[in-house]
1. Full-extension gain between Tyr163 and Phe302, please, as 0.36 nm times their residue separation minus the C-alpha to C-alpha distance.
2. Multiply the residue gap between Glu252 and Ser435 by 0.36 nm, knock off their C-alpha separation, and tell me the result in nm, one decimal place.
3. For Met160, what accessible surface area do you get with a 1.4 Å probe? Give it in Å², rounded to 10.
4. Which FRET efficiency value, to the nearest 0.05, do you get for Leu332 and Glu173 by plugging their Cβ-Cβ distance into 1/(1 + (r/R0)^6) with R0 = 56 Å?
5. Given a 1.4 angstrom probe, I'd like the percentage of the accessible area of segment 289-335 that is carbon and sulfur, rounded to a whole number.
6. If the limit is 23 Å between Cα atoms, which of Lys413/Lys493; Lys413/Lys456; Lys413/Lys594 go over it?
7. Between Asn610 and Ser216, with labels modelled 7 Å along Cα→Cβ, what's the label distance in nm to one decimal, could you check?
8. Could you list, in their original order, any pairs among Lys69/Lys145; Lys174/Lys306; Lys194/Lys306; Lys174/Lys338 whose Cα atoms are separated by more than 32 Å?
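The values are calculated or read from the model by the stated rules, or taken from the named source; none is laboratory data. In this text, all values refer to a predicted model and were calculated from it rather than measured experimentally. Cβ coordinates were reconstructed from backbone atoms using ideal geometry, including for glycine residues, and neighbour counts include every protein chain displayed. Accessible surface is based on the protein model in full, side chains and every heavy atom, while ligands, DNA and RNA are left aside. Shrake-Rupley method; radii C 1.70, N 1.55, O 1.52, S 1.80 Å.
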Amino acid sequence: MEARCRILFFCLLFSRFCCNEGKLFDEMSLRTEDKASLLLFKSQINDPAQKLIWVGPGCDTWAGVSCSKLNGKVVGLNLSGLSLSGKLHTTLCKLSFLETLNLSHNNFDGNIPSCFSNFWNMKSLDLSYNMFSGVVPNTLVKLSKLSKFDLSHNLFDDQMIPYWIGNFSMRLEKVELGYNSFRGEIPDSLLYLKSLKYLSLSHNNLSGNLPDFGQSLEYLDLGSNSFSGSLPCLSSSVESLMLLNLAENLLEGGVPTCISSLRVLTHLNLSSNRLSYEISPRLVFSSRLVVMDLSYNQLSGFLPKKILESSEKSGLVVLDLSHNQFSGDIPLDLTELKSLQALFLSHNLLTGEIPSRIGNLTYLQVINLSHNLLTGSIPLNIVGCFQLLALILNNNNLSGEIQPELDALDSLKILDVSNNKISGEIPLTLAGCKSLEVVDLSYNNLSGPLNDALTKWSNLRYLSLAHNKFSGALANWIFMFEAIQTIDLSGNKFSGYIPDGIYNVSLRFNNGDLNKEAPKVPLLDSKLSVVMGDDLHLNYNLSSMVTIDLSDNMLHGQIPDGLFSLHGLEYLNLSYNFLEGQIPTNLQSMWSLKILDLSHNSLSGQVPGNLSGLENLTHLNLSFNYFSGIINKTRGYWRFSGAFAGNPNLCVESSGDGCQTKTRHVEPERAYEEKENGPISAWVFSVSACVSFYIVGVVLFCTSRTRNFMLGVKD
């Protein structure tokens, strides 16, 4: 028993000694000369966030540094995403045992040091997402063990891709040079490098006929260049190629059927080229296909009835055939693609009705059939798409009414059925669509008053009911949506007064107020980006202006003072009504205002002098009212040509001639009759019309696989 205790004691003592020795080795593993090189490198760059915490004797306390357990040499340096900047000091080249160097997602600039050739053991070099420029040094040809080479998202311009790129390493598997400005053709050395699996040269200025490749590629991204010629068959990659992106080039001819022989293809993007002719019925892909994008071409004929070998095993998530010249009906076979989450068929010549079985696509999140010649009504079966986030059917010949059952689409964020022939009233049941952010029902035959269903759309950002037959009074709540940017009720038969309600609820209408908190909704640029959860984003080309348009109605009374106190409002159109009284004097509050149209009303009194002081105002129309007084040319009104026409009691100064009164040719009582027979000026109409929806781009991420493809995210 005593002997056993002694043995156990010595074992414990030995294990503790071994642990201490291992810990001691770790702490002393960073070689002195490498430590000195790293510290000198750190002293030569900018580290504003102080993330390079390099203290202590061992590698385990040096952020991003990996060392060999055998000789203590630095073998890995990963400084990705640390907001570092400056030029790379050549002292870094003294780390000659480096196997991996990752400086991506920083702000380094200048040239790549030619002494990088010292990294004789380098296997992975990632300098992406920086601001490196100049010439890619030829000395990198000495890195014969390199397997990953990434210089994407930098500023290399006006130079050819290095001719040696496919010759210097027989182990090279991944080459990324995208998002630079390389020109010329793809070097021959890249076309036959047998080890190459992953090639991304997108977003450059490469040109020439698109070549074929002689190796088994898995990932090929040549999008956003100027390649011409016809599509190659890529026969060497039949059993390996999973992603093919040739979008935004100058490719011509048809889509060859040999493309469908790529047996493991999951992502195909041939959009924005010059492809034409009909799609062959033999172009049938493997059921592994997840994304198929042929949009923005000149393809014609009928839509392909069969896209995949087996609809039952279909994994297709995104189908985009928009912006072509397809004609005929929408094939019923498309409703069998049970995994489909996004269907884009807009901007074609499609006829017939929307398939009644479209509700079978229960995973569908986006339907865009806009800008076609579709007839019939919105099928009631569409409520089967219970996950639907965007229903976009504008610019067709659809008729019928908005069915009350559409309230089942309670996740819907975008509803656009504008420019159709839809009639009836807005159903009260649509109050159930509480997620709505964009609603465009303009240019239809809808009628009735505004009902309280709209008040439940608390996330509403864009509302257009323009050019319908709505009537009755404007409700007090119409301006009380917190996130609203655009309200367009023009071209209806609304009567009564403009409600003197609470205007300061909208964060966008008041975002110019320096005393208010910052808006909780994102500010809009030239596009309205509607976020569909974490995976899906849609961009709409809307007017970027914050807008209220009540023109072309039958509104009476005075303009409420509160309407002229909205600091963030940029476009206000109250023309073609029967408004009277004077213009509110608190105009100086509207410092964001760019367009003001109060024409064709019965407004009177003097034109406020502070109106000309609105520095952002680019268009003013006060014509055909009853304004009086003198318009002084020194106030800057000269920049608004024709703004005061048709005001008989208004004296407008002109150069050298004193005042000139303007004869009013239209009586205010006849204003509404005339507007039905004569259009508003073309300029004003175009400004009003620009807020209607026209989809210009889609960035769609329905699954992790499609997100990687559409954003160009690399594994």
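1. 45.6 nm is the gain from fully extending Tyr163 to Phe302.
2. 61.6 nm
3. 100
4. 0.80
5. Within segment 289-335, the accessible surface is 49 percent carbon and sulfur.
6. Result: Lys413/Lys493; Lys413/Lys594 exceed 23 Å.
7. 7.7
8. Listed pairs above 32 Å: Lys174/Lys306; Lys194/Lys306; Lys174/Lys338.
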